[in-house]
Amino acid sequence: MAREQISKIAYKTLQQGKSIAGLAHKELSTRIMKLILPDEKTGDFNIDKKLLLDIQNSMDILREEDWNDAEKNIYPQKLLFDEPWLRYLTQYPKILLDMPNTWDRRRKKNYQDLPKNIDNENYPNYYLRNFHHQTDGYLSDFSASIYDLQVEILFNGSADAMRRRIIKPLKEGLNNFSNRKKSSIKILDVATGSGRTLKQLRGAFPKEKILGLDLSGSYLKEASRFISDLEGDLIELIKGNAEDLPFEDNSLQGISCVYLFHELPRKVRENVLNQFFRVLEPGGILVLADSIQIDDSPDFIQIMDNFHKSFHEPFYSDYIKDDINSKIEKVGFNNINSNSFFMTKVWSAVK
Ligand SMILES: C[S@@+](CC[C@H](N)C(=O)[O-])C[C@H]1O[C@@H](n2cnc3c(N)ncnc32)[C@H](O)[C@@H]1O
C-alpha cells in the first residue's frame, strides 16, 4: 500500500516537473524571440486566473485517470514512468536552434517551404505544407527527429497521458473477439507519426498484432528507431495514405488514430472514416483521439483560438466545430461514445 502511494506521488511529481519544463521552454522561447526579433508578435496571450485553474484541474483529472487505468491493469504502470530522457536531450538543442527558422516562416506566411527533393505527386495537396510552421513539414528526417518533444512541450508534458486514453475503449471493444487467439487480433494505428502511440499500444496489447501507418517515410523511420527495442512481436510499419488504406475489407479488429483529424480538410475526414469502416471487421472497434472541440469544452475556447492563430493549422477552426459523432454514425458505426481529457477528445465506435 505504502509502495503504491509512493509510486503515485512519484508519478504526479514527474508529471508536474514535465509541466513546469514545458512552461519554462515557452517562457524561454518568447524571451529569445523578443531579443532577436523585438518587433515580432509573440503570439502569447493572457491567461486569466479562472482559465489557469481550469487547466490545472483538467490536468489533475487526466493524471488521476491515467493512474487509475494503470492501477486497474488496463496498461502496465511502467508506461507512466517511461520517458526517453536521452532522446529529449538530443532533441532540445535542435528545437532551440531551429526556432528562428520557424519564426521567419511565420512572419513571411511561408507555408510551403518544403524540401526540394520530395515528389509532390506522392502526397495530397493539404499535406504539402508546414503544419505548425514546422521546418520541412512532415517531410524530412530532421522534422521527424524533433517532433516528439515539440508535442510534449505543447501539451506541457501530458501528451502520452492523453494518448493512453485510447487504450481503455480499445480494450473494451476488442472484448468482442475474446474467443480468438490474441495473436490473430490486428490493431492498426493510423497516422502513427514517430511511434509514441505504438509504444503505448504494445504495452497494453503485448500479444496482438500491431501495425502503424503514416504518409511520411521520415516519421516512420523515426518510429522504427523508437520502437525497435520493445518487447513482443515486431510492429509492422506501413507507408500509406489514410484515404486509401492498403488493407482488405473487414480485415482488422481495431483501429486507433491520434491527432490526425484536426489536420485534415472536412471532406478528407469523411473519406478517412469511410476507410476505417471498410477495413474493420463487423464488431471491430474504432478509437479516435484529437483536439477537444468547442461544443463540449467551451471553457477552453481561448486556448483553441490561440492554437490556430499561433500555429499554421488551416483546418483546425473547421475541425473544432465539426460534428464528428454524426460523421462516424453516417458511415455506419454504432455504439458511439466520446469523452474529453484535458486537451484531447476521444471517440469510440463499433462496426
Ligand atoms: C499531428 S501528427 C500525429 C502523429 C501521432 N499520431 C501522434 O500522436 O503524435 C499527424 C500525422 O499524420 C500523418 N498524416 C497526415 N495525413 C495523413 C494521411 N492522409 N495518411 C496517413 N498519415 C497522414 C502525418 O504524416 C503525421 O505523422
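Every read-out reported here was derived from the displayed coordinates using simple, explicitly stated rules and does not represent laboratory data. Everything numeric in this text was worked out from a predicted model, so none of it was measured. Note that we place each Cβ from the backbone using ideal geometry, even for glycine, and neighbour counts take in every protein chain shown.
Using the Cβ-Cβ distance between Ser228 and Lys207 with R0 set to 22 Å, the FRET efficiency from 1/(1 + (r/R0)^6) comes to roughly 0.70. Taking amide hydrogens as placed 1.01 Å from N in the peptide plane, the amide H of Lys345 sits under 5 Å from those of Asp290, Ser291, Ile292, each at least 5 positions away in sequence or on another chain. Of Leu188, Leu14, Leu80, the residue with the greatest mean-square motion in the GNM of the chain, using alpha carbon springs below 10 Å, is Leu14. Along the chain, counting only GluC sites (Glu not before Pro) with a DSSP assignment other than H, G, I, E or B and at most 14 other Cβ atoms inside a 10 Å radius, the longest segment between sites is 41-230. Other residues within the sphere of radius under 13 Å centred on the Cβ of Tyr11, judged by their own Cβ, net out at -3 (K and R +1, D and E -1). Taking 7 Å steps out from each Cα toward its Cβ at Lys181 and Thr90 produces label points 3.7 nm apart.
Just checking the listed ones, Pro93, Pro206, Pro169: in the Gaussian network model of the chain with Cα springs under 10 Å, the one fluctuating most is Pro93. Computed over neighbours whose Cβ is under 12 Å from that of Val268, the net charge equals -2, Lys and Arg +1, Asp and Glu -1. The residues neighbouring Ser178, those whose beta-carbon lies less than 13 Å from its own, together hold a net charge of +3 under the Lys/Arg +1, Asp/Glu -1 convention. Counting only the Cα atoms, the chain fills a convex hull of 138 Å³ per residue. Descending by average beta-carbon neighbour count within 10 Å, the peptides 54-60, 143-149, 310-316 line up as 143-149, 310-316, 54-60, the highest first.
Rounded to the nearest 0.05, the FRET efficiency derived from the C-beta distance between Leu14 and Glu243 at R0 = 25 Å is 0.05. Each residue in Thr13, Thr197, Thr344 was given a count of other beta-carbon atoms within 10 angstrom of its own, and listing them fewest first yields Thr13, Thr344, Thr197.
Taking only Cα atoms and a 10 Å spring cutoff, compute GNM fluctuations for the chain and point out the largest among Asp136, Asp66, Asp119. Answer for the Gaussian network model of the chain: Asp119. For the stretch 76-124, trypsin sites (Lys or Arg not before Pro) meeting the loop criterion (DSSP other than H, G, I, E, B) and having at most 10 other Cβ atoms within 10 Å: Lys108, Lys109, Lys116.
With the helix formula -39500 (n - 2.57) applied to DSSP H stretches of n ≥ 4, the chain reaches a computed 222 nm mean residue ellipticity of -15000 deg cm²/dmol. Mind jotting down the distance between the C-alpha centroids of the stretch 74-109 and the stretch 291-351, whole Å? That distance is 24 Å.
Long hydrophobic helices in the chain, taken as whole DSSP H segments with a C-alpha length of 30 Å or more on their own axis and mean Kyte-Doolittle hydropathy at least -0.5: 2-36. Using the alpha-carbon positions of the stretch 248-351, Rg (one decimal) and Dmax (whole number) come out as 13.9, 43 Å.
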